[in-house]
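Report on the following structure.
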Amino acid sequence: MQTSSTSQIRKASGYRGLVTSLLMTPILIILLAPSLIIIPMSFTEVPFLSWPPKGFSAKWYARLFDSPEWLASLWHSLEVALLSTIIAVLLGVPAGVSLALKQWPGKQFVLAFIITPLVVPTIVVGIGMYKIYAWLGLFDRSGLVAAHVMIGVPLVVVTTMSAARQVNPVLLRAARSLGAGPVSTFFRVTLPIISSGVLSGAVFAFVSSWDEVVIAKFLSSPTYETAPVRMWAQITERVDPTVAAVSSILFTAALLLMISLMLFERVRR
């Protein structure tokens, strides 16, 4: 009798999984199709973007890697993304843990203030940053890093808060009763539990900085351009498959990061 019930539960679960997959497939196609189409377009032989692509050639990737300007912009994007992600994690993780595990006056106000950059239109944030950073003299790398930190911190805080809510307060009290200080308790107890949330926030912060263009357009200069800013300038002047090649690299890097995050989650479980 128990075996029959277990079999029915498994069948029902299998049907639900099949229905969910059927419902999610068109959604995934709609979301990913515009990004996936750009990859074959980057291998076209003709000197303009076309669909379907005509012929097959990797010359646009060769042109990309032979161009000092494109390589510099890719390096600038990577540099800004790495620096802003590191700072966002250092600021966002303690804030997320404090907001999730402690009760203190004004907590909701602070949380609303932190996530404001996620809800305010990007163009408004960009204009405000341009005015303030111009007054402070922050442009190029320093200005971009500071701006992208402001975008990344809310992402890290939200994912860290979600993971920190799974921390059992009894474990923290037990660690302190055994003589562990706040720092030791954090690194030995809290951080291992919230590591998935911290990593998720870091990946989201990196990807957000990696392909951000609106704010970067306000704060970059001709001598320090990120790849998305250079792509925008290239599109306004002329459109050739080199832009598609850069887009494919940016998309592939972001996709690999997300897949790595999913694999980490699966292995951790």
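Every read-out reported here was derived from the displayed coordinates using simple, explicitly stated rules and does not represent laboratory data. Note that the structure is predicted; figures quoted are calculated from it, not measured. Every residue, glycine among them, receives a Cβ derived from its backbone with ideal geometry; neighbour counts consider all protein chains shown.
Can you give the helix-only mean residue ellipticity at 222 nm for the chain, where every DSSP H stretch with n ≥ 4 adds -39500 (n - 2.57) and the sum goes over all residues, rounded to the nearest 500 deg cm²/dmol? Each step should come with its number before you reach the end.
Values: 13 runs with 211 residues, N = 269.
Taken over the chain, the calculation gives -26000 deg cm²/dmol.
List the lysines whose Cα sits under 21 Å from the Cα of Lys217, skipping any in the same chain fewer than 8 residues away.
Qualifying lysines at Cα under 21 Å: Lys131.
So what is log10(I(q)/I(0)) for region 78-196 at q = 0.17 1/Å, when the Debye sum runs over its Cα atoms only?
-0.89
Return the whole-Å distance between the Cα centroid of region 57-71 and the Cα centroid of region 110-158.
What the calculation gives is 32 Å, centre to centre.
Rank by packing, highest mean first: peptides 47-58, 225-236, with packing defined as the count of other Cβ atoms within 10 Å averaged across residues.
225-236, 47-58
Mind checking the angle between helix 227-237 and the chain's longest principal axis? C-alpha axes, 0 to 90 degrees, to the nearest 10.
It is inclined by approximately 30 degrees.
How long is region 219-269 along each principal axis, judged by its Cα atoms, biggest number first, in Å?
That works out to 49, 26, 12 Å along the principal axes.
Compare Val214, Val124, Val157 in a GNM of the chain, Cα atoms joined below 10 Å, and give the one with the largest fluctuation.
So, out of Val214, Val124, Val157, the one fluctuating most is Val124.
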